[in-house]
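The values are calculated or read from the model by the stated rules, or taken from the named source; none is laboratory data. Note that the structure is predicted; figures quoted are calculated from it, not measured. FYI the Cβ positions are ideal-geometry reconstructions off the backbone, even for glycines, and counts take in every protein chain you see.
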There are 2 protein chains.
Amino acid sequence: MKPIAIGELSRRTAVKVTTIRFYEERGLLPKPVRTDANRRTYGEADVRRLRFIRHARELGFEVEDIRTLLDLSAHPERPCDEADAVARKHLADIDDRLARLNGLRQEVQAMLDQCSGGPVRECRIIEVLADHGECLHDRH
Amino acid sequence: MKPIAIGELSRRTAVKVTTIRFYEERGLLPKPVRTDANRRTYGEADVRRLRFIRHARELGFEVEDIRTLLDLSAHPERPCDEADAVARKHLADIDDRLARLNGLRQEVQAMLDQCSGGPVRECRIIEVLADHGECLHDRH
DNA sequence: CTAGTTCCTTCAGCGACTGTAGGAGCAAGC
DNA sequence: GCTTGCTCCTACAGTCGCTGAAGGAACTAG
């Protein structure tokens, strides 16, 4: 199999060249073999690994979590408790953010509903922001 | 009215001292009058302005948007279209994030549901991450 | 007077990239 | 063989919205 240049790896994984170099520096991707002219060369395994990383990032996993998941995938004989824990923690995190974002949505929607389109003096948006007492919830 | 020190302003607005100085540097708060010993002194107007800022940040508005909203609140005779636009854009942004986050939640939940607790070799979490084809949605 | 707290400036760090400058290499057309 | 334009290299600064630390000065209470 012929070596893959960083640009082609980028195209095949939809990860930007600069981001690939960043992942290398962070230790998510192994240091690749270089050509005589000092250019990085990759193989199919790198394509798979980078797709794994990109996919996990799309699902919102942090780089630190991805490191753990990558380590795990390199040891298929170990129990998957750790992967489970990482995913569970991530789910809890998502639920948390969803709850807060739903609260915000309600609040901002209410602000907009009250705006009558007059001058700023009468604008509820500005007023609501100026006074937390106007809010639906105590804590945002 | 007696001048307010930065620490007291911090206590009264629940905004950290460092953050207050940061907001000053970013132009959200005006440069305060200093004492002979070079300490910042604030008044009630600053308390109100900072509460406005904090509240808007809690509702997820960006600093740039807050600058716009603050400018508007200083011109009560102008129409509130602009405030409305800022809030509307923010709502659209929240809806966007909610949709994506809900998608992620589903995906991660599905991953967890399939994990049978065996070795990593059989773990669906790792497998799903390795292959986007396993996903519920095409685009995350 | 002393100890403890508050305040000052300046600057580095977070996470996860993104972009730029300034250069070298390479592939294709003439 | 030369030029044009793309790709690649390193090194480093910038993004957003803070946060914290270092090192020093000043205020406050006992």
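Listed here are the residues, each with its yes/no results for (1) at pLDDT below 90; (2) among the aliphatic types (A, V, I, L, M); (3) in contact with a strand residue (DSSP E or B) (Cβ under 7 Å, 6 or more places away or on another chain); (4) not in a helix (DSSP H, G or I).
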site: A:His75; (1), (2), (3), (4): yes, no, no, yes
site: A:Glu82; (1), (2), (3), (4): yes, no, no, no
site: A:Leu101; (1), (2), (3), (4): yes, yes, no, no
site: A:Met111; (1), (2), (3), (4): yes, yes, no, no
site: A:Arg121; (1), (2), (3), (4): yes, no, no, no
site: A:Ile125; (1), (2), (3), (4): yes, yes, no, no
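Just so you know, in the stretch A:34-48 the residues that are aliphatic (A, V, I, L, M) and under 30 Å from the mean Cα position of the chain (by Cα) include one that is farthest from DNA strand D (Cβ to nearest atom), and it is A:Ala45. Entry remark, the stretch A:25-62: residues being away from chain B (no Cβ under 14 Å), in contact (Cβ under 8 Å) with a residue 12 or more places away in the chain and either within 13 Å of DNA strand C (Cβ to nearest atom) or part of a helix (DSSP H, G or I) (or both) number 7 in total.
For the stretch B:73-81, the criterion of being within 14 Å of DNA strand C (Cβ to nearest atom) and over 18 Å from the mean Cα position of the chain (by Cα) is met by no residue.
Cβ-Cβ distances below 8 Å connect the following pairs, each with a first residue in the stretch B:12-24 that is within 14 Å of another protein chain (Cβ to nearest Cβ) and within 12 Å of DNA strand C (Cβ to nearest atom), a second residue that is aliphatic (A, V, I, L, M) and not in a helix (DSSP H, G or I), and a separation of six or more residues or different chains: B:Arg12/B:Ile4. As a summary of the residue check, A:Ser116 satisfies the conditions (1) outside any loop (DSSP other than H, G, I, E, B); (2) more than 7 Å from chain B (Cβ to nearest Cβ) except for the one numbered (1).
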